[in-house]
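S.K.: Please see the structure below; I have some questions.
The values are calculated or read from the model by the stated rules, or taken from the named source; none is laboratory data. As the structure is a computational prediction, the values presented were derived from the model and not from experiment. No Cβ is skipped: glycine too gets one built from the backbone with ideal geometry, and neighbour counts run over all protein chains shown.
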Amino acid sequence: MRDLARAQLPRAVFDFADGGAEDETTLRRNEAAFDDLALLPRPLDGSATRDLSVTLFGKKLGLPVIIGPTGLAGLFWPDGERCAARAAKAAGTAYCLSHGSVCTLEELAATGACPRWMQVFIYRDRGFTRALTERAAKAGYDALVLTTDNQMLGNRERDIRNGFTIPPRFKPTDMAAMALKAEWLWRMRRELKRITFGNYARPGENADIATLAGRMASLLDPSMNWQDVAELRKIWTGPLLIKGVLHPDEAKKAVEHGIDGLIVSNHGGRQLDGAAASLDALPGVIDAVGARVPVLVDGGIRRGSDVVKALALGAAACLIGRPQLFGLAVAGEAGVARVLEIYRQEIDRAMGLCGVTSIAGIDHSLLLKNRIGELP
Ligand SMILES: Cc1cc2nc3c(=O)[nH]c(=O)nc-3n(C[C@H](O)[C@H](O)[C@H](O)COP(=O)(O)O)c2cc1C
């Protein structure tokens, strides 16, 4: 799907999704970490059929793969966020809307996609954090996801090299290469003028994307702290997750602050280059919080067997970022549906080959320990 997306998208748009921060060490680590973990199947424990469902925050999901928040999904396909949310709904899984979606959170809610989660930041203007949270509650979102690893913008050098701007502006020299991307250009011909950060427009305001992008960037706040988490906990009464946790101490503290779930993540290697791979950080976080809250993970999950490995380490479910954007770029809703179906088939096959019949049956015993009895 990534190869097909690369063929469809202008280079700057493909790189915006595909790239990471600086030397992309963390981006590469995320995927490589899965290679270092080996499965130990027990085929004689198998059964004719497998049950891939999981229950999270009281809602049953058809598979343990959730669509994670990705800003500007509407740049990959017209109305991209709503297309992906519909595909998630059809697959019976959750969709998490990014703060930086093109459509507004209310427009996404109108699709009826459920469970739907809303991702927010702690903004310099705490009133804006409160306003977004209240809008999400009013629009019936099932969970709120506070992303904590985007308090300053990561240094994404591919975007700098490509002169990636929002909305994309193409130099005459780009035009020859663009001729090969005619399908995307044609499909997006009306959309490109409308690409915006829907959630940041004030009621009745018709601000252009540059204004809204500036507003968004100026709202990021590296001085956010636990007091802000405590405040958010008071405002949002439903399930509240923190996304971007890597450190066990932070995980423990989050639970003490009444957080209902954690997402172990390094933002897909787009923020702090040099940060640990999510999969490597997962066991430490799980040890720190025990069974008190579900721990989810994202970053580099490209195969059904990757999902099985993450669950074997104790994750409750996985999120995917880039794969769904690539699906969107290739075929909109049908592309995301295909991506989710590939995960479903691969998880089912990996479970069948491992000899497990349900998600609850996936545990540490399926993982090869090294010679001194430890996981790598
Ligand atoms: C293009 C793009 C935009 C993203 N935007 C957001 C965002 O707005 N909020 C957020 O919390 N994470 C964002 N992320 C991070 C994803 O939610 C997720 O953590 C990451 O992509 C997972 O890694 P994967 O792409 O290897 O699956 C974004 C990722 C990509 C690739």
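S.K.: Give the residues of the stretch 202-223 that are in contact (Cβ under 8 Å) with a residue 24 or more places away in the chain, away from the ligand (no atom under 14 Å from the Cβ) and surrounded by 16 or more Cβ atoms within 10 Å (Cβ to Cβ), sorted by residue number.
M.R.: Scanning the stretch 202-223 gives 209, 221.
S.K.: So which residues in the stretch 265-322 are under 11 Å from the mean Cα position of the chain (by Cα) and hydroxyl-bearing (Ser, Thr, Tyr)?
M.R.: Listed by number, the list holds a single entry, 265.
S.K.: Still on this model: When you go through 96, 103 one by one, which is the residue that is in a strand (DSSP E or B) and within 14 Å of the ligand (Cβ to nearest atom)? Talk me through it step by step, then tell me what you get.
M.R.: Working: 103 fails: in a strand (DSSP E or B).
Every option except 96 fails the conditions.
S.K.: Can I ask one more? Quick check, is residue 352 surrounded by fewer than 24 Cβ atoms within 10 Å (Cβ to Cβ), part of a helix (DSSP H, G or I), touching a residue at least 40 places away in the same chain (Cβ under 8 Å) and not charged (D, E, K, R)?
M.R.: Values: surrounded by fewer than 24 Cβ atoms within 10 Å (Cβ to Cβ): yes; part of a helix (DSSP H, G or I): yes; touching a residue at least 40 places away in the same chain (Cβ under 8 Å): yes; not charged (D, E, K, R): yes.
Taking the combined requirement at face value, the residue satisfies it.
S.K.: Can you work out which of the residues in the stretch 163-186 that are modelled with pLDDT of 90 or more and crowded, with 17+ Cβ neighbours inside 10 Å is nearest to the ligand (Cβ to nearest atom)?
M.R.: Keep residues of the stretch 163-186 that are modelled with pLDDT of 90 or more, which gives 181-186.
After this cut, where a residue has to be crowded, with 17+ Cβ neighbours inside 10 Å as well, the list is 181, 184.
Details: 181: 18, 184: 16 Å.
Out of the qualifying residues, it is 184.
S.K.: Related question: Within the stretch 14-75, which strands (runs of 3 or more DSSP E) (wholly inside it) include 3 or more residues that are more than 30 Å from residue 189 (Cβ to Cβ) and modelled with pLDDT of 95 or more?
M.R.: Working: elements: 54-56, 59-61, 65-67.
So the answer is 54-56, 59-61.
S.K.: For the stretch 4-27, which positions are more than 17 Å from residue 164 (Cα to Cα), charged (D, E, K, R) and either over 20 Å from the mean Cα position of the chain (by Cα) or within 11 Å of the ligand (Cβ to nearest atom) (or both)?
M.R.: Once the filter is applied, which keeps residues that are more than 17 Å from residue 164 (Cα to Cα), charged (D, E, K, R) and either over 20 Å from the mean Cα position of the chain (by Cα) or within 11 Å of the ligand (Cβ to nearest atom) (or both), the stretch 4-27 yields only 23.
S.K.: A further question follows. Would you be able to say whether some residue in the stretch 248-260 is more than 16 Å from the ligand (Cβ to nearest atom) and buried (at least 24 other Cβ atoms within 10 Å of the Cβ)?
M.R.: yes
S.K.: Kindly indicate the residue of the stretch 28-51 that is of a type in the set (A, V, I, L, M, F, W, C) and closer than 30 Å to residue 2 by Cβ and also farthest from the chain's Cα centre (by Cα) among those meeting that condition. Can you show your working first?
M.R.: Within the stretch 28-51, the first condition is being of a type in the set (A, V, I, L, M, F, W, C), and the residues that meet it are 32-34, 37-40, 44, 48.
Narrowing the set further to residues that are closer than 30 Å to residue 2 by Cβ leaves 32-34, 37-40.
Details: 32: 18, 33: 18, 34: 18, 37: 22, 38: 25, 39: 25, 40: 28 Å.
Here the residue is 40.
S.K.: Within the stretch 35-58, is even one residue closer than 22 Å to residue 311 by Cα, within 14 Å of the ligand (Cβ to nearest atom) and of a type outside the set (A, V, I, L, M)? Spell out the reasoning first.
M.R.: If we filter the stretch 35-58 for residues that are closer than 22 Å to residue 311 by Cα, which is where we start, we get 35-58.
Of the ones still in play, those that are also within 14 Å of the ligand (Cβ to nearest atom) are none.
So far as the stretch 35-58 goes, no, none of its residues is closer than 22 Å to residue 311 by Cα, within 14 Å of the ligand (Cβ to nearest atom) and of a type outside the set (A, V, I, L, M).
S.K.: Please verify whether the stretch 82-89 includes one or more residues that are in contact (Cβ under 8 Å) with a residue 12 or more places away in the chain, in a loop (DSSP other than H, G, I, E, B) and over 22 Å from residue 221 (Cβ atoms). Give the derivation first.
M.R.: Let us first name the residues in the stretch 82-89 that are in contact (Cβ under 8 Å) with a residue 12 or more places away in the chain, namely 82-89.
Next, from what is left, pick out any that are in a loop (DSSP other than H, G, I, E, B): none.
Checking the stretch 82-89: not a single residue is in contact (Cβ under 8 Å) with a residue 12 or more places away in the chain, in a loop (DSSP other than H, G, I, E, B) and over 22 Å from residue 221 (Cβ atoms).
S.K.: Moving to a separate point now. Please count how many residues of the stretch 136-154 are in contact with a Phe, Trp or Tyr (Cβ under 9 Å, 6 or more places away or on another chain) and part of a helix (DSSP H, G or I).
M.R.: Just the residues of the stretch 136-154 that are in contact with a Phe, Trp or Tyr (Cβ under 9 Å, 6 or more places away or on another chain), to begin with: 136-137, 141-148, 150-151.
Within this subset, residues satisfying the condition of being part of a helix (DSSP H, G or I) are 136-137.
Looking only at that region, the number is 2.
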